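Please read the structure below before turning to the comments.
Nothing in this text is a laboratory measurement; each read-out follows from the coordinates by a stated rule. Because the structure is a prediction, the values reported are computed rather than measured. Cβ sites come from the backbone with ideal geometry, for glycine too, and all protein chains shown count toward neighbours.
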Ligand SMILES: Nc1ncnc2c1ncn2[C@@H]1O[C@H](COP(=O)(O)OP(=O)(O)OP(=O)(O)O)[C@@H](O)[C@H]1O
Ligand SMILES: [Mg+2]
């Protein structure tokens, strides 16, 4: 090529060395990538599939107390006996009531809050709207314990408060479980509904107002149908979460023996007295798995259809808010009271109890003997150092491994470079439908019967938690990838940088906020994840959340349990705060 | 244009019968984004792909870069076949001797200006054995007028500066072929004119073969050695800017490049000195013609450029000049543009746009005579 004289380096001075053109669609490193994919497929299979197969296998081994591997032959006796026993009916009914009830509570609360905060001129939304989301930072186990403390019939502050106006509440009951789960579900539901309401063109509602339709009719006839897809998607996702939720039904339902599927499985495996009933647990586990998958399939179908009737447009409309008129003040009072009772009071009661010498109502007099004794006791208890260390190991390993594997899976699927990448991604997202109690039980079975020496170590918990959080990790990273400007990657590819360099120098740095966010998200959730840690626990691998469970259920030491809960809550809050702070920084940048 | 004896010494790029569909062609989807495109780019030349939005320019460029895989065709670049559907081989993007300035510049926000520009030297295909990377990068930044910005974050640059950074980065990778996809489209009009001159100056200075995509005809005419006009995935014409303007082959090109009066033909007959074309406005003698063969004797257009038309007031019209096409009409509108006057002349219900000297005194309603030389009257069969 002709080169003109310049003081700059000569352009194209040497032609590139002749190279053999490659076959279409595969380059060097392609085989290495496929190998990594295959390895990950094996790993995901090993983490999720193998345990589930063993669970299924065990459910066909009829025996009440023997280990399933010791039983010869196969039979469907387990299923027959379960279907013949009255227990299945009552557990299924309980589960249904609990699920539908909690869903309704969440739905009504989050719809009201989202409409009020997004569409009306309710005062104080700058403070109230974030408060509605604040419970996201509270792990579900901590929530359950906080409610047990605030609303237990003997000395819960809320129970005492309501007793003065003639209302008797008992959190250890089905309505109690429903209320707590319902309130717990509000933030995640709100997060899915509020954007849909925010994007809704106000003109659609105004058009109905101009023909004289009153507010309630406008809501029913215009607003609800338009946000329908978002609401139903959010509902189905919440049903999966309620169904697999363990801490609330276990902590609040066990005292009066109100079982749902998840708590029954744990109860069968770890009865307070007597022997574990493996076949019953595995059979219920299989039933629960089927149920959860069915829900997930409906949800995925629903999501796919939702695109078709999307009326809601994303354009920046002039934000006009529906005036509440003379209802403004009463409405804000009701909302504020709800926020206080539903969000602030449980945490307050938890703090109060953790600083008190014994469980007692919140009083002025009580202020005098508040102390940090419980914290001191908890932190200096024998074995606490080991527990802390275990927790740190589990949580850090889980967050790091799940983020790393999830990144590979999401990036490979998005870039479609290696064979099998798409399938791998789909496989992990199916793992999303495995309830954590079932996953925990399945992993327990696997290691009970296959002599791999990690049972009883922190690694078994980490392995199960990685399997649990992998779908979430790859989903979160995929979302970030979709928002990434493809042009930035192409600009690097045309310089001739190798795919590895492009990934390392351009893709990962651009993704780093999302990676960090994913890591923190998993960190916070792994910390509070009870069922897996509980099922896989032994003397050497206790974690904080198991310690919390034991303190609360076995020794019933409310103040010490509260202190533990507050410690978990603080760590989790810091992580969630960091996630959100980074989110805010991205918006500003 | 489709001379396929690829001579690597003469041509830097040869594209042969390139086809690309985003649908699935086997499922009977006949719509090709790029449909049988062939052209050559001689070494060191600046070639522009020009056409309306959605005509397949970007797709062609991305096929050249290897970012899209064509369905069929062949691409030879710097003497080496980089894509051949027949033999099923494709050289990957990172191994093609190219550099690219994408439409949105592709400036990496997590790097400084210097790191952005030095990326090809540090990590690109010519990374081995590079020395004085920093110094050379700084020299290049100096050349594009960014010497003071080397340590800034890339996001702190203005649009025009980002464009120059993208150009510096592309030039530093020492490409055989420089691909540019509407690099000026995000800028305001003044900057666009300034930067396109700079761009051409750089291209000549470095002598790099360039393929430039734009939908702005002024840009294409100002910058290019050769313009490839595309429409609906196909090539309409490949020519130098002058010839493209003066001798459009099709009515699409005539209309797209500059402005043209296109008068539908009713009947065409060949005569000794050209074509005699009957239209609703009367007969035109066309000494110049577009495509070689008229597909049928009754289709096509007569093409007249506004500036090739003489306008005279009816009463002071000079005596009829032999062989000139001449028609009478009425001024339907006049627009004063400073140096000239743009008139709309109504002839039997059809409006012609003509350019007259600013001195002409013509008012709406004045009868005028419009006259065009046969040499400037062009018959376009399609
Ligand atoms: N990724 C894609 N998927 C499907 N169709 C595409 C895709 N990219 C382009 N097309 C279609 O291919 C055709 C050609 O697109 P292309 O981007 O090449 O046009 P263009 O000439 O660059 O237009 P513009 O001037 O607007 O950039 C268009 O009809 C477009 O809709
Ligand atoms: Mg384009």
**Message:** Per-residue Cβ counts within 10 Å, from other chains only, averaged over B:118-128: what number is that?
**Reply:** 5
**Prompt:** If you project the alpha carbons of the stretch B:94-235 onto their three principal axes, what span does each projection cover, largest first, in Å?
**Reply:** 44, 33, 26
**Prompt:** If contacts are Cα pairs under 8 angstrom and at least 6 residues apart, what is the relative contact order of the stretch A:36-190 in percent?
**Reply:** 24 percent
**Request:** Starting with the fewest neighbours, write out A:503, A:428 ranked by other beta-carbon atoms found within 10 Å of each beta-carbon.
**Result:** A:503, A:428
**Fill in**
Stokes-Einstein D for chain A (4 °C, 1.567 mPa s, Kirkwood Rh from Cα pairs), in µm²/s, comes to 49 µm²/s
**Prompt:** Build a GNM of chain B with springs between Cα atoms under 10 Å: which of B:365, B:258, B:329 gets the top mean-square fluctuation?
**Reply:** B:365
**Item:** Order by protection proxy (mean Cβ within 10 Å, highest first), peptides A:556-562, B:333-339, A:532-538, B:51-57
**Value:** A:532-538, A:556-562, B:51-57, B:333-339
**Request:** Mind ranking A:117-124, B:61-68 by how tightly packed they are, going by the mean number of other C-beta atoms within 10 angstrom, highest first?
**Result:** B:61-68, A:117-124
**Fill in**
Across the alpha-carbon set of the stretch B:11-247, Rg over Rh with Rh taken as the Kirkwood radius works out to 0.97
**Prompt:** Which residue fluctuates the most in chain B, going by a Gaussian network model with Cα springs under 10 Å, if the choices are B:249, B:363, B:196?
**Reply:** B:363
**Fill in**
Going fewest to most other Cβ atoms within 10 Å around each Cβ, A:43, B:223 line up as A:43, B:223
**Asked** If you find the alpha carbon centre of the stretch B:234-249 and of the stretch A:504-567, how far apart are they in angstrom?
**Response** 70 Å
**Fill in**
Semi-axes (Å, rounded, descending) of the ellipsoid equivalent to the stretch B:259-381 per its C-alpha gyration tensor are 26, 14, 13
**Item:** Sequence-separation-based contact order of the stretch B:11-247, relative, with Cα cut under 8 Å and 6+ spacing, percent
**Value:** 27 percent
**Angle between chain B longest axis and helix B:133-143 axis [Cα atoms, degrees, rounded to 10]** = 20 degrees
**Complete:** Proxy exposure order for A:141, A:387 (fewest C-beta within 10 Å first) is A:387, A:141
**Item:** Over chain A, relative contact order from alpha-carbon pairs under 8 Å, at least 6 apart, %
**Value:** 21 percent
**Asked** What's the average, rounded to a whole number, of partner chain beta-carbon atoms within 10 Å of each residue's beta-carbon in B:85-97?
**Response** 6
**Request:** Give me the number: length gained by fully extending residue A:80 to residue A:348, i.e. 0.36 nm times residue separation minus the C-alpha to C-alpha distance, one decimal in nm.
**Result:** 91.7 nm
**Message:** If you average the alpha carbon positions of the stretch A:333-375 and of the stretch A:136-188, how far apart do those two centres end up, in angstrom?
**Reply:** 13 Å
**Request:** Calculate the length of the line joining the C-alpha centroid of the stretch B:344-382 to that of the stretch B:120-159, in whole Å.
**Result:** 55 Å
**Prompt:** What does the average come to when, for each residue of peptide A:483-493, you count the partner chain Cβ atoms lying within 10 Å of its Cβ?
**Reply:** 6
